[in-house]
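Read the structure below first, then the notes.
The values are calculated or read from the model by the stated rules, or taken from the named source; none is laboratory data. What you are looking at is a predicted structure, and each value in this text was computed from that prediction instead of being measured. For neighbour counting, all protein chains shown are included, and Cβ atoms are generated from backbone atoms with ideal geometry for every residue, glycine included. Areas reflect the complete protein model, heavy atoms only, side chains present, ligands, DNA and RNA absent. Shrake-Rupley method; radii C 1.70, N 1.55, O 1.52, S 1.80 Å.
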Amino acid sequence: KGYDFISKPSISLDGDGVDPNPKDPGDDMQGGSSFHGTHVAGTIAAATHNARGVAGVAPNVKIMALRALGKGGGTSADIIEALKYAAGLPNASDTLPPQKADIINMSLGGTSWSQAEQDTITAVRDAGVIIVAAAGNESTSSPSYPAAYEGVISVSAVGAAKTLAPYSNYGATIDVA
């Protein structure tokens, strides 16, 4: 089970705000929905040895589906509440997951640093949760958050030749590629 932390119905596209239904109707952008979180979760946990689609890198893990971004993005406050929920910490939903996450993956980012976000990441890490985030897709050495926050493992991308992918961010805030 998961949770929907998108507080603004205007971007949630499911007709309501925060609720226990994590089903994502998609971002409904021109050209179709990205379902990016679903894509990343599939890369991590897709079934293997079934002759269908792709094989995940960790096919036996369980995924906690949490919505924090909708049409055109989302708010820092919604992301913070989803992080706290995943870590089993008190949050705006007034509920906790049956089991906290061991690892949180965030494939999102921006250029703004926030003390509230850093404080939440520190609390989540103090709760024993590992946080991994995409370094960004702007082909720059400028820090991207949440990947550049202290305590987050920042991941850039490489291509088949093991060289930096042309879109991937790079620089001193990257931990692994």
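Inside region 117-133, residues that are more than 14 Å from I103 (Cα to Cα) and under 14 Å from the mean Cα position of the chain (by Cα) make up a count of 1. Whenever a residue of region 62-82 is over 26 Å from A47 (Cα atoms) and open to solvent by 40 Å² or more (accessible area, probe 1.4 Å), its partners that are at pLDDT 90 or above and not in a loop (DSSP other than H, G, I, E, B), lying with C-beta atoms within less than 7 angstrom and at least six residues away or across chains, give the pairs S76/A116; S76/E117. Screening S168 against (1) part of a loop (DSSP other than H, G, I, E, B); (2) among the polar types (S, T, N, Q); (3) at negative phi; (4) surrounded by fewer than 20 Cβ atoms within 10 Å (Cβ to Cβ) leaves a single unmet condition, (4).
Within region 84-99, does at least one residue satisfy the condition of being of a type in the set (F, W, Y), open to solvent by 70 Å² or more (accessible area, probe 1.4 Å) and either outside any strand (DSSP E or B) or closer than 21 Å to V155 by Cα (or both)? So far as region 84-99 goes, no, none of its residues is of a type in the set (F, W, Y), open to solvent by 70 Å² or more (accessible area, probe 1.4 Å) and either outside any strand (DSSP E or B) or closer than 21 Å to V155 by Cα (or both).
Note on region 43-55: residues that are open to solvent by less than 30 Å² (accessible area, probe 1.4 Å) and farther than 24 Å from V124 by Cβ amount to 1. Of all residues in region 107-122, those satisfying the criterion of being at pLDDT 95 or above and buried (at least 16 other Cβ atoms within 10 Å of the Cβ) are S114, E117, Q118, T120, I121.
Can you confirm whether region 134-152 contains a residue that is surrounded by fewer than 14 Cβ atoms within 10 Å (Cβ to Cβ), outside any loop (DSSP other than H, G, I, E, B) and at pLDDT 95 or above? No, because not a single residue in region 134-152 is surrounded by fewer than 14 Cβ atoms within 10 Å (Cβ to Cβ), outside any loop (DSSP other than H, G, I, E, B) and at pLDDT 95 or above.
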